[in-house]
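Structure record follows, encoded as structure tokens.
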Amino acid sequence: MSSANRPAPPDPKDFIGFERLLDPEERLLMDTVRRWVGDRVLPSIGDWFDAGILPRELATELGGLGLLGMHLDGYGCPGASAVEYGLACLELEAGASGLPSKGSVQASLAMFPIREYGSEDQRREWLPRMASGEVLGCFGLTEPDSGSDPGSMRTAARRDGPDWIINGTKTWISNGSVADVAIIWARTDDGVRGFIVPTDTPGFTARDIPRKLSLRASHTSELALDDVRLPREAVLPGVSSLRGPLSCLTEARYGIVWGSIGAARACYEAALDYSTTREQFGRPIGAFQLIQRKLVEMMVSVNRGLLLAHHIGRMKDRGLARPEHVSLGKFDNVRVALDVARTARSVLGANGITLDYPVMRHMNNLESVITYEGTDEIHTLILGQSLTGFQAFN
């Protein structure tokens, strides 16, 4: 092969040429979200993380970009592909985990059940306003005594004439204190039902969980429902079992398959850039063998995770992806991302623990990501059951 026909050297920040696997529309979306994150989020995210806030207006901006409910069809939603949705999650989480939390909770946990299990009137009432970011939603499933075991939930709804009365407590609810509407899952006489609960309904209260060391730039709340009275039109008519909330979790987990690698990529790139400018013993630390090994291991992990996310996304677009495939992606990509973040922190030394760099912020956030939408252990058991046919949850 002549030198003129030789491929160009690999780009250290896109070593396998991942972007060449994407079509022009997908690359445009990826670039658009990356540019918005760079302009709007990265200059302030350290301060937001330090203060424990995430501005409410970001939801409206995400809506204006068409990113809220982007993978849903109709009712103001663009009907993007699974890969396009994944690429958006990738770029948002490369900026901050609170952004995919806001977007994924809105889309996969609040909008998806209305689109999938709601009535036509419910869809028309809520989805357009949620897609624009005018209305922000949250998802109430986890309880103080039932996290990995949602079947043991205590929140209950009973009929009272034509109405429903709900009592119970939900916890670790993203967007809870800033949401305009909550999708609350509760036990009823005819199974587990979902309810659309406007957060200004009497008896509904939300308070932020204090003293968090992870996902600080995100609202994480406890919800209390004390004799919350709802009309019969509030119940989602299309499901009456745990299949409802579990299908929502699968949607949200898919976003994490991509988003976790976005966090890993941000950590790797920060370490790579640092290694070329930080000097010790008279030369950049990137010139030392041990640092090069760490950089190589991080690069390989990020690229492998990207390929897994992309493959599962293509499977999803072809209708071939099962929940177990999503569990595989969530299980491996999150633990890989944690390893990358910890390795990047070591490359940056003491500077790695400051908010001048993204690494410690991502590392802290990933400690939550490995737990939410199904813990690492739960996904292990999902995959183990798929391999052996034996259920080992209890």
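Residues whose amide H lies under 5 Å from that of E143, counting only those 5 or more places away or on a different chain, are T171; hydrogens are built 1.01 Å from N in the peptide plane. Shape class of region 88-200 from the Cα gyration tensor (axes a ≥ b ≥ c, square roots of the eigenvalues): oblate, since a/c reaches 1.5 or more and a/b does not exceed b/c.
Can you tell me the length gained on complete extension of the stretch L22 to D339, counting 0.36 nm per residue apart and subtracting the Cα distance? Present the calculation step by step, with values, prior to reporting the outcome.
On the way: separation 317, 0.36 × 317 = 114.12 nm, distance 2.68 nm.
Difference between extended and current length: 111.4 nm.
Sorting the segments 189-196, 278-285, 91-98 by their residues' average number of neighbouring beta-carbon atoms within 10 angstrom, most packed first, yields 91-98, 189-196, 278-285. The C-alpha atoms of the chain define a longest principal axis, and helix 376-388 lies at about 90 degrees to it.
Between S346 and H311, what's the calculated FRET efficiency when r is the beta-carbon distance and R0 is 25 Å? Round to 0.05.
Values: r = 30 Å, r/R0 = 1.20.
Plugging the Cβ-Cβ distance into 1/(1 + (r/R0)^6) gives 0.25.
With the cut-off at under 17 Å, measuring from each backbone N in region 354-390 to a point 7 Å along the Cα-to-Cβ line of T277 picks out 354-360.
Residues of region 143-181 with backbone nitrogen within less than 20 Å of a virtual label 7 Å along the Cα-to-Cβ line of E134, please, listed as ranges. The answer is 178-181, whose backbone nitrogens lie closer than 20 Å to the label point. From its DSSP helices (H runs of at least four residues, each -39,500 (n - 2.57)), the chain gives a residue-normalised ellipticity at 222 nm of -15000 deg cm²/dmol. Remark: region 322-335, residue by residue, has Karplus-estimated 3J(HN,Hα) of 9, x, 5, 5, 5, 4, 4, x, 5, 4, 7, 5, 6, 5 Hz, where x stands for each Gly or Pro and the curve is 6.51 cos²θ - 1.76 cosθ + 1.60 at θ = phi - 60°. Classify region 199-326 as rounded, prolate or oblate, taking a ≥ b ≥ c as the square roots of the eigenvalues of its Cα gyration tensor: rounded when a/c is under 1.5, otherwise prolate if a/b is larger than b/c and oblate if not. Oblate, because a/c is 1.5 or more while a/b does not exceed b/c. Given the C-alpha centroids of region 105-179 and region 374-394, what is the distance between them in whole angstrom? Using only Cα atoms to place each centre, the spacing works out to 26 Å. Sorting the segments 23-32, 259-268, 242-251, 128-137 by their mean number of nearby beta carbons within 10 angstrom, highest to lowest, gives 259-268, 128-137, 242-251, 23-32.
Measuring between their Cα centroids, region 1-53 and region 222-269 lie 28 Å from each other. Taking square-rooted eigenvalues a ≥ b ≥ c of the alpha carbon gyration tensor, is region 1-72 rounded, prolate or oblate, where a/c under 1.5 means rounded and, failing that, a/b exceeding b/c means prolate? Because a/c hits 1.5 or more and a/b fails to exceed b/c, region 1-72 counts as oblate.
Taking all protein chains into account, the per residue accessible area for the chain stands at 45 Å² (1.4 Å probe). Given R0 = 25 Å, the distance between the Cβ atoms of R318 and D376 translates into a calculated FRET efficiency of 0.35.
Take the solvent-accessible surface of the protein heavy atoms, probe 1.4 Å, and return the percent of it on the chain that carbon and sulfur atoms account for.
Values: 9130 of 17540 Å².
Solvent-exposed carbon and sulfur of the chain make up 52 percent of the total.
Which pairs, out of K102/K294; K102/K330; K13/K316, put more than 24 Å between their alpha-carbon atoms? The pairs that break the limit, which is 24 Å between Cα atoms, are K102/K294; K13/K316. For Cα extents along the principal axes in Å, the listed values are (i) 64, 55, 43; (ii) 84, 80, 38; (iii) 79, 45, 45; which was obtained by calculation from the structure presented? The listed entry that was calculated here is (iii).
The values are calculated or read from the model by the stated rules, or taken from the named source; none is laboratory data. It should be emphasised that the depicted structure is a prediction, and the values quoted were computed from it without experimental measurement. Note: ideal-geometry Cβ built from the backbone for every residue, glycine included; neighbour counts use all protein chains shown. The accessibility values were calculated without ligands, DNA or RNA, using every heavy atom of the protein model including side chains. Shrake-Rupley method; radii C 1.70, N 1.55, O 1.52, S 1.80 Å.
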